[in-house]
Structures are given as structure tokens and as C-alpha cells.
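Asks: Shown below is the structure under consideration.
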Amino acid sequence: MGLEPSITAGAVRPPGWAVTYPAQMPLDGLRLGIVLLPELRWTEQRARFEQAEAWGFDSAWTYDHLGWRSLVDGPWFGPLTTLAAAAAITSRIRLGTFVASPNVRHPVPFAREVLALDDVSEGRLSLGLGAGGEGYDAAVIGSASLTARQRVDRYGEFVELLDLLLTQERTTWSGSWYTAVEARSAPGCVQQPRVPFVLAANGPRSMRLVASHGQGWVTTGSATAGDEREWWAGVTELSDRLDDALSEAGKSRDSVERYLSLDSGPAFGLGSVEHLRECVGRAADVGFHEVVVHWPRPDGVYAGRLEVLAEAAELLGPSDGPRQLHATRS
């Protein structure tokens, strides 16, 4: 498959190639994405995806897990099938995994799923990828326990092989974690040369992976922050760390889109509209392009009020074109 030096939401390849995002992903303002956990039957979930698009959210994401933390004993549906269904009933909003990992994915069959999602969505897929941690996903299929270093090793190979599978007609690979033998990739992605990778990273090695293969970077901030002040300080430090990785790779600061998982902080992002606006201002000051919040649940993790979500949607403005949040700064 030949690669032409004109990329739309595609890979950052040789130096000097530019990434141009579609109109619904403006680079001149901060965007708002929303996570819809795959815990509802489609009759209910469909309405939420449709509402998210109608309200003007720029992206809708779902978790790529076999089960997740405190919700592991509750309803849970396949994320890739959910996204394919969402793609069929929406037309503007971008869709993505938040995030897929090597815990339950092999690059060869996963590449085929990615091709299908990119096709069904007509080029609206953003592929969130992460290293995968310990927990249910690994335990339920009997995977061996890995050290943090091993997980990052596997993550790097996963991303590198997936990149090749999505940009070459045939790929043969023999690595420490994966094997591919003449793996085909026709017809290729709608977004050329491939779908954009939004890579999760906090540590230096994962940051270098973002610099080499990512079109986006997503962070949850520090898991040990005791309060919001500490969390935001950690977020700023991580953003600076990405700057260093990009500089070392000979790339500019704005060559990678920055996504912040707002609900990973000490306070729920949609606790109030005022809180959301303050967080948007802080994220914009640090240099993020998009903040991502979760659809409020009635109780437990991500518990919140739907009224706040509806009020937050009013900040997005008209839903018939590019939009940005209006931030407030303290």
C-alpha cells in the first residue's frame, strides 16, 4: 500500500508531514468528549449516543475491557460491537476506544476490527490504546502476571506491529510478544495512512512511544494525588514530560493532540457546570485540546446528575458545526 505525503487524521510519519483533522475536531479550541460505559442494552445505549451527537459533543468513547473494577459483576457488552452500532446511527461525532490494550487484544485480528470500525464510521474512529494493567482482564483469561516494565515492553511492540498492519499490504513479524505471518490488510483504512492512535502514557518510555507513533496522547494524571491541586500539578508535569519526548524526537509540541481524562482526578468532572468550566480553563492553560468526561451514573463510580450533563451540553453551542467549550479561569 503506497503512502502519499498527505495525511488526514493519520500517522505522524517522516518529519514534515502534517496532520489535518476533520472540521468537527478544530485545533483552535478545546473540545469535549464523553465516555459511555458499555453497560446498557442497546435500546438504551443507542439513545445516549444519539443524544451525545445532538448535544454537540465532539467525541464519544467506550471502555475496551472484559469487565471493569467495581462494575465487573454487572452488565457489560462488547465495546467494538457497541462502537460499530454507534457508528451506524451517528454521522458527525468521532468514536473511540478509551482505551484498548494488549491484555485482551492481539494486533493481527484487532487490526481487522479497526479496519471495519473505520469503514463503518466513514473515517470517524480514533483509536485509544494503552499498556493494560493488572486486574480482571488479565486474570479472567489466565494471563501470567507481568511487571510494569514487561507491560510497557509489550505495549511498545503492540503499537509498532499494529501500525504496520494498518499501513502495509502484508506484514510479517517475529517479536518477543507477537508473531504475524504474511498478515493481509486490504483494503486499508479510510483515514490514510491509518486511523489516529491516541496513546495513554505517563512514564518516559510510553511518552517516547507517543512521540514516535501517536497522533494523540491521553493521560489520567497521577493516581497518588491527594487533592485537586496536586493532581493538576501532576498533569502539568506530565504534559511537560511529553514536550521533552517530542523535542527529543525532533517534533513540535503541537504535533500530538492532548486528551485529559478529567474524571481520573479527585473530583467528578460533571460535579457541577462551574467545576467543569474551571477544569476546562485549567486544561486549556496546560495545552490540552480535549477533555473527556463520563456520562453520569446513578450511583457508585462516576455518580452524578443528568441535569448537570444537560447544562454542560449548553456550553457547546450549536451542534451543526465545529464547536469549542467556553472556559473560565480562576
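Asks: When Lys and Arg each count +1 and Asp and Glu each count -1, what net charge do the other residues less than 11 Å away from ARG170, Cβ to Cβ, add up to?
Replies: Charge balance in the 11 Å sphere: -1.
Asks: Further question: List the relative contact order of the chain as a percent without decimals, with contacts defined as Cα pairs under 8 Å and 6+ residues apart.
Replies: Relative contact order, the chain: 21 percent.
Asks: Okay, moving on. If I model the range 172-330 as equal point scatterers sitting on the Cα atoms and use the Debye formula, what is log10 I(q)/I(0) at q = 0.09, 0.13, 0.21 Å⁻¹?
Replies: Treating every Cα as an identical point scatterer, log10 I(q)/I(0) equals -0.38, -0.74, -1.35.
Asks: So, one more: Between GLY281, LEU37, TRP232, whose Cα lies farthest towards the positive end of the dipole of the chain when Lys and Arg beta carbons carry +1 and Asp and Glu beta carbons carry -1, centred on the Cα centre?
Replies: Working it through, the farthest residue towards the positive pole turns out to be LEU37.
Asks: Which Cα, out of ALA52, ASN103, ALA312, lies furthest along the positive dipole direction of the range 7-314 (beta carbon charges, K/R +1, D/E -1)?
Replies: ASN103
Asks: Which one of GLY265, GLY250, GLY67 has the biggest mean-square fluctuation once the chain is modelled by GNM with Cα springs under 10 Å?
Replies: Fluctuation is largest for GLY250.
Asks: Around ARG105, with a cut-off of 15 angstrom between Cβ atoms, what is the net charge of the other residues, counting Lys and Arg +1 and Asp and Glu -1?
Replies: Result for the neighbourhood of ARG105: -3.
Asks: Given the convex hull over the Cα atoms of the chain, what projected area results after averaging over all orientations, in nm²?
Replies: Average projection, Cα convex hull of the chain: 15.8 nm².
Asks: Here's something else I'd like to know. Where Lys and Arg each count +1 and Asp and Glu each count -1, what net charge lies around GLN45 among other residues with Cβ under 14 Å from its Cβ?
Replies: Residues near GLN45 contribute 0 overall.
Values in this text are rule-based calculations from the coordinates and carry no lab data. What you see is a predicted model, and the numbers here were worked out from it, not measured in a lab. Don't worry about glycine lacking a Cβ; one is built from the backbone with ideal geometry, like all the others, and counts go over all protein chains shown.
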